[in-house]
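Heads up: the structure comes next, in structure tokens.
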Protein chains: 4
Amino acid sequence: MNISPSRAFTSDNNASVHPAVMAAINVANHDHVIAYGHDSFTRQAEDCFKAEFGDDIAVFFVFNGTAANTLSLRSLVQSHHAVLCANTAHVNNNECGAPEKMVGCKLIGIPAVNGKISAEDCESHLSIIGNEHFAQPKAISITQLSELGTTYQAEEIRVLADLARNNNLYLHMDGARIANAAASLGCSLRAITRDVGVDVLSFGGTKNGLLCGEAIVFFNAQLSEAFKFIRKQHMQLASKMRFISAQFEALLTDELWRKNALHANKMAQLLAEGLLQFDDIKLQHRVDGNIIHVHFPSDIIQALQEKFYFYVRQPELGGARLVCAFDTTPEDVQNFIDTINVLKK
Amino acid sequence: MNISPSRAFTSDNNASVHPAVMAAINVANHDHVIAYGHDSFTRQAEDCFKAEFGDDIAVFFVFNGTAANTLSLRSLVQSHHAVLCANTAHVNNNECGAPEKMVGCKLIGIPAVNGKISAEDCESHLSIIGNEHFAQPKAISITQLSELGTTYQAEEIRVLADLARNNNLYLHMDGARIANAAASLGCSLRAITRDVGVDVLSFGGTKNGLLCGEAIVFFNAQLSEAFKFIRKQHMQLASKMRFISAQFEALLTDELWRKNALHANKMAQLLAEGLLQFDDIKLQHRVDGNIIHVHFPSDIIQALQEKFYFYVRQPELGGARLVCAFDTTPEDVQNFIDTINVLKK
Amino acid sequence: MNISPSRAFTSDNNASVHPAVMAAINVANHDHVIAYGHDSFTRQAEDCFKAEFGDDIAVFFVFNGTAANTLSLRSLVQSHHAVLCANTAHVNNNECGAPEKMVGCKLIGIPAVNGKISAEDCESHLSIIGNEHFAQPKAISITQLSELGTTYQAEEIRVLADLARNNNLYLHMDGARIANAAASLGCSLRAITRDVGVDVLSFGGTKNGLLCGEAIVFFNAQLSEAFKFIRKQHMQLASKMRFISAQFEALLTDELWRKNALHANKMAQLLAEGLLQFDDIKLQHRVDGNIIHVHFPSDIIQALQEKFYFYVRQPELGGARLVCAFDTTPEDVQNFIDTINVLKK
Amino acid sequence: MNISPSRAFTSDNNASVHPAVMAAINVANHDHVIAYGHDSFTRQAEDCFKAEFGDDIAVFFVFNGTAANTLSLRSLVQSHHAVLCANTAHVNNNECGAPEKMVGCKLIGIPAVNGKISAEDCESHLSIIGNEHFAQPKAISITQLSELGTTYQAEEIRVLADLARNNNLYLHMDGARIANAAASLGCSLRAITRDVGVDVLSFGGTKNGLLCGEAIVFFNAQLSEAFKFIRKQHMQLASKMRFISAQFEALLTDELWRKNALHANKMAQLLAEGLLQFDDIKLQHRVDGNIIHVHFPSDIIQALQEKFYFYVRQPELGGARLVCAFDTTPEDVQNFIDTINVLKK
């Protein structure tokens, strides 16, 4: 293949590390510091999270998104519990069964319009509570930005949180792209998490310009009492923690997270507009953030893939996903549109 | 506390990142590359490992040592199996039960002189093979450099490998400090692993100058057939893999691993010599690599800890561990010795 | 409540123990025999299974159906695998997440017409094979008699088995009511299992007249090599095994299994005919065996439940399940129909 | 081999079912009752337990001892915890790693004199509490009657319970042979469990005359809140529960448990006295209950095993275990002694 993925729309985790983040890593590289997070870089990064979410949170850093989601759930539910989520949820589809292995619980995938689930969807699964033959619903997990590129409004989250609270469930948010959601909604990170009843947040870093690192934010610190042991046993305690912490400090300083996300979202809008010029290219969902789900006509999709690597989710329908990142440029977008123009001639 | 850990002997994972490794990270930071290891940096790092260990190996990168050891065992044994190891083994003592959780197996800790186990030690545990009431021995795990700072000679490893092979067991090596062992023995990495019958090696990076990254090397690639799924499910698949791979390429180029290890070992020798000047300070074990186990007299240990942070393993006996790293300096050593001199006056 | 469940249609596991089975238990109760299955009763029961299924099978006894299904899957798949099954499958819905906990795998519930899945249904889930982000399909599990009371024809099973074999998957059958299916189809047990490509069978005993006991039958004995250890570790090894084995010998002698099943099926037919006399009572599915799924009009269902305990699966629709057992009598059926007649007046 | 195990000393689980227990099973076999323990037999058996241990306990029945112990621990600790027990404990040695698989925790086997551990033994393992690198001690598990045949005095248990309580640990008792212990000590079941601080008891039935059945008794019912789900998910919920419950009612009526245990203990005393007639046969431990650990001279042990099947634990030393049961007779004992006499001539 002569694919050059160097400027493609495959995923925001194909992107590079933001220069300010990389600079912070380099700055942190001097002398010895105590390992496993007992260092000043980690204290400062924690303070950045407290500035965003409140002083009484507990925050822990892990290596990747699979761990952030799985260990969030591990801290909320036991093996005989079930987690309600969209059938399109990353945690349900794309983790090779990590929650089932790590927690031993069942995931109940609810058919989801636009990647989002509603309180009504969830409520219909609660009648089994108390019946020992069924895995017991104990958490709801939602993804913000959703896997299909849509956002939950703050009020939609609050309704889910109320349902959860009223039924003794927890509300988890997979925020691998929470920055894109907050940037899209024009609100603070807190406004769509803690303030509307989320219990635990997987806070994404890698897709928004970090080298490696995700955070788990507990809005009720009591839920995190055993977490330092859980993190260690589940193989997610970094010895040279300072290098993860320094990245988060950079990302949370002067809202770099929002700048990166706004740019990625803007590039997705530009790309969506470009695609809509073509009569036979259809968007599948609203483009709220940096993800576009699109149907390409069958006569160009293969040729397009020879130029640009991207995920084709429904080969028979030409359904594909395009993602923009903090380092996507207007030229990248134009190049993609130009290529379609050439192919269609 | 007025402890300055910046130049202490706590652990080699308190150290910084080697400049050449950090440079490689910076160099890798341009453009997009396909995530999850489907990139040229990863191919090159794999080639470096093949140059050390042979073209027919399989190698996988994970985030940390807990994962390297635990997932090595996960690939070798099932839940009804047992792993024989030294009672002092990191995998047995210091992973918060990660192997028990991840594999579901039992670890059988064998009392170990100098941190090493022998074939005779292991053999006495094999009579239960076939009896369904006992977890079935299926792997032997040894640590090189051992947790007590001693090395296995190549021939000692071969005898263990023969016992394993003859009884249908596998031999795993926790090589968190294999570089220090090979440097100490003056041999190649291969001479104390593949060439003497090790099946799977946890190859340590972080303790020898990496920012974050360990490798699992399968000398029989068939043992790794399911490993890409195991790694993903067990939350150890890095999306921006290039930044781990680039570090390993740097570490394996021009034997940087050996240079780093030789330096750390040399500093440990210097420190040991300094300590032996004092009549009432006793070394507990041979100092083959970069780890020193020592007994401090009770009248100075507390004062010493107020100046330097280090692990006290046997408080009642004054038993402590001191570790040197690639960035330990002769001045650091002298400073420690000088401090003891001052305290003893 | 004044419910007398003593002659109800709740489930075949509310039934008693068949007299011939109870007699066998009593006969086995003399002297000492070696525990854990190393006894002559167990050898004889195994021989009965070999007479049904072939001399080269391997068969193991466990305590209950949850274990028979879960440990069958445990012997076929690893944690990073997925099992394809009907969304109505007992193993998916009614085991409180036992497979997820015990195996760590994901169950993929396929929407199922009449409780049955087809090869086409399964095939659409195979495109993810090889992609490490997805739990890997490795087994298909079907239920015979299905949870909705329908049977798979032998040829339908063969098509599923062919798909499985061609894609390196295994075919498991949950045969909690396999006797009812074989009785309904008028065939041998072997004709709808081994002869059409099933790899492992959960053979139901408790629902067909045993006190306690299920069997796992491996048609390829190699698949069972580790099973004696798996059974012990998973808490399913009976010490006084003779009392389970003796039951199976009774059940398999002179096809008692078929007699019991034929009777239960016949009572279900009688009950179905009685129900169909009422214009506003509708059967939801074919009644192939001893299970009836029915819609009761909303004005009688509650009153009916005050007389007879049975499962209401869709309260809003009046959807209920009725099950007949080996000890259901024509009088029991008539009593139920008479009660409806009274309620409708 | 011409071994007749019909009247041997292999284990109390080689014994038969006590006639009164078998009679109760037969009596329970009429009509339908609601499955899974929602029946009057189960209520009555629960009441029997409450009469022994107090009205505010919670009691659950499971199939076997592996489950009783493993699920007791499962209800007390999480995966990142450790359980302190004797290195000779059944739960540590003889369950094929069931606790490690089911709970994911680590067992710390403490060298035990006479099969018993002391508070001092346990206390030395508590210094790691709070350190995330170590599995966290959260329960102590003791066996009463111990595996070596010795009993804990009530006061010894209380000291362990106090240590546990003071350090936020739980105390579990493996009571597979608690009846033999209580009979030996001449006390109530409660006097050596609840009254001295045990939190959860595995109450043995099978070894004392049941067909199949063990109970888990929670003295603090709050600890059992999730247990009905845990039992189901861990494959230990019997559908025809009445047949387990009826056995326990029989065992607890008129202290049948004590009668059976007293007889077995008495036979063990008789056997021990017979063995002590021989100068070269040595008892290894006190014979407090129905278990004898003995050293046979090497010249007779093999010949003896050709006549009687029993466990040889230390082949090189002639170390063997002999167990008496409720149905062991004085003639069985005399026959064994006579055989030794013949062999020694």
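The condition (being at positive phi, crowded, with 21+ Cβ neighbours inside 10 Å and at pLDDT 95 or above) is satisfied by just one residue among A:267, A:235, A:241: A:235.
Looking only at residues in the stretch C:109-138 that are within 27 Å of residue A:130 (Cα to Cα) and under 19 Å from the mean Cα position of the chain (by Cα), which one is modelled with the lowest pLDDT? Show your work before the answer.
Restricting attention to the stretch C:109-138, the residues satisfying the condition of being within 27 Å of residue A:130 (Cα to Cα) are C:109-112, C:115.
Next, only the ones that are under 19 Å from the mean Cα position of the chain (by Cα) stay: C:109-110, C:112, C:115.
Numbers: C:109: 97, C:110: 97, C:112: 93, C:115: 96.
For the stretch C:109-138, the residue satisfying everything is C:112.
At pLDDT below 95 and either within 11 Å of another protein chain (Cβ to nearest Cβ) or farther than 21 Å from residue A:94 by Cβ (or both): is that true of residue C:98 in this structure?
Working: at pLDDT below 95: no; either within 11 Å of another protein chain (Cβ to nearest Cβ) or farther than 21 Å from residue A:94 by Cβ (or both): yes.
No.
Just one residue in the set C:104, C:115 is facing chain A (nearest Cβ under 9 Å) and touching a residue at least 24 places away in the same chain (Cβ under 8 Å); that residue is C:104.
May I ask you to list the residues in the stretch C:287-308 that are in a loop (DSSP other than H, G, I, E, B) and surrounded by fewer than 17 Cβ atoms within 10 Å (Cβ to Cβ)? Spell out how you get there, then give the answer.
Restricting attention to the stretch C:287-308, the residues satisfying the condition of being in a loop (DSSP other than H, G, I, E, B) are C:287-290, C:296-297, C:308.
C:297 - this is the single residue of the stretch C:287-308 that is in a loop (DSSP other than H, G, I, E, B) and surrounded by fewer than 17 Cβ atoms within 10 Å (Cβ to Cβ).
Name the residue that is nearest to residue B:17 (Cα to Cα), counting only residues in the stretch A:211-221 that are within 19 Å of the chain's Cα centre (by Cα) and either polar (S, T, N, Q) or more than 8 Å from every other protein chain (Cβ to nearest Cβ) (or both).
Among those that are within 19 Å of the chain's Cα centre (by Cα) and either polar (S, T, N, Q) or more than 8 Å from every other protein chain (Cβ to nearest Cβ) (or both), it is A:213.
Out of the stretch C:246-273, which residues are more than 12 Å from chain D (Cβ to nearest Cβ) and either outside any helix (DSSP H, G or I) or touching a Phe, Trp or Tyr at 6+ places or on another chain (Cβ under 6 Å) (or both)?
Here is the first cut: in the stretch C:246-273, the residues more than 12 Å from chain D (Cβ to nearest Cβ) are C:248-273.
Of everything in the stretch C:246-273, those that are more than 12 Å from chain D (Cβ to nearest Cβ) and either outside any helix (DSSP H, G or I) or touching a Phe, Trp or Tyr at 6+ places or on another chain (Cβ under 6 Å) (or both) turn out to be C:251, C:260, C:263, C:264.
For the stretch D:244-255, give me each residue that is farther than 9 Å from residue D:179 by Cβ and either touching a strand residue (DSSP E or B) at 6+ places or on another chain (Cβ under 6 Å) or surrounded by 19 or more Cβ atoms within 10 Å (Cβ to Cβ) (or both). Listed by number, the residues that qualify are D:244, D:245, D:246, D:247, D:248, D:249, D:250, D:252. Based on what the data block shows, is residue A:218 out of contact with any helix residue (DSSP H, G or I) (no Cβ under 8 Å at 6 or more places or on another chain) and among the aromatic types (Phe, Trp, Tyr)? Against the criterion (out of contact with any helix residue (DSSP H, G or I) (no Cβ under 8 Å at 6 or more places or on another chain) and among the aromatic types (Phe, Trp, Tyr)), residue A:218 does not qualify. Number of residues in the stretch A:309-337 that are assigned to a strand (DSSP E or B) and small (Gly, Ala, Ser) equals 2. State yes or no: is residue D:165 basic (Lys, Arg) and either closer than 30 Å to residue D:336 by Cα or within 14 Å of chain A (Cβ to nearest Cβ) (or both)? So residue D:165 does not fit the description; no. Per the listing D:173, D:235, the residue uniquely over 16 Å from the mean Cα position of the chain (by Cα) and hydrophobic (A, V, I, L, M, F, W, C) is D:235. For the stretch C:10-17, the criterion of being within 25 Å of residue D:212 (Cα to Cα), away from chain A (no Cβ under 14 Å) and aliphatic (A, V, I, L, M) is met by at least one residue. Among the residues of the stretch A:118-137, those identified as more than 9 Å from chain C (Cβ to nearest Cβ), in contact (Cβ under 8 Å) with a residue 12 or more places away in the chain and among the small types (Gly, Ala, Ser) are A:118, A:119.
Here residue B:328 qualifies as touching a residue at least 40 places away in the same chain (Cβ under 8 Å) and not acidic (Asp, Glu). Residues that are at the interface with chain B (Cβ under 8 Å from one of its Cβ atoms) and of a type in the set (D, E, K, R) within the stretch A:23-65 comprise just one, A:31. Elements of the type helices (runs of 4 or more DSSP H) sitting completely within the stretch D:1-85 and holding at least 1 residues that are of a type in the set (Ser, Thr, Tyr) and crowded, with 16+ Cβ neighbours inside 10 Å: these cover D:40-53, D:65-76. Evaluate the following for residue C:17: is it over 29 Å from residue D:38 (Cβ atoms), touching a residue at least 12 places away in the same chain (Cβ under 8 Å) and of a type in the set (A, V, I, L, M, F, W, C)? Answer is no for this residue. With respect to residue B:194, determine if the residue is charged (D, E, K, R) and buried (at least 24 other Cβ atoms within 10 Å of the Cβ). When the stated conditions are applied, residue B:194 does not pass them. If you go through the stretch D:222-235 and keep only what is within 7 Å of another protein chain (Cβ to nearest Cβ), touching a residue at least 60 places away in the same chain (Cβ under 8 Å) and either polar (S, T, N, Q) or not in a loop (DSSP other than H, G, I, E, B) (or both), you end up with D:228, D:230. Considered as a group, the residues in the stretch D:323-339 that are within 17 Å of residue D:294 (Cα to Cα) and either touching a strand residue (DSSP E or B) at 6+ places or on another chain (Cβ under 7 Å) or aromatic (Phe, Trp, Tyr) (or both) include one that is farthest from the other protein chains (Cβ to nearest Cβ), and that residue is D:336. Restricted to the stretch D:142-183, and to residues there that are more than 21 Å from residue D:325 (Cα to Cα), of a type outside the set (Val, Ile, Thr) and in contact with a helix residue (DSSP H, G or I) (Cβ under 7 Å, 6 or more places away or on another chain), the residue that is surrounded by the fewest Cβ atoms within 10 Å (Cβ to Cβ) is D:154. Looking across the stretch D:270-286, just one residue is buried (at least 18 other Cβ atoms within 10 Å of the Cβ) and either of a type in the set (S, T, N, Q) or within 17 Å of the chain's Cα centre (by Cα) (or both), and that is D:284.
The values are calculated or read from the model by the stated rules, or taken from the named source; none is laboratory data. As the structure is a prediction and not an experimental result, all values here were calculated from the model. All Cβ positions, even for glycine, are placed from backbone atoms using ideal geometry, and neighbour counts span all protein chains on display.
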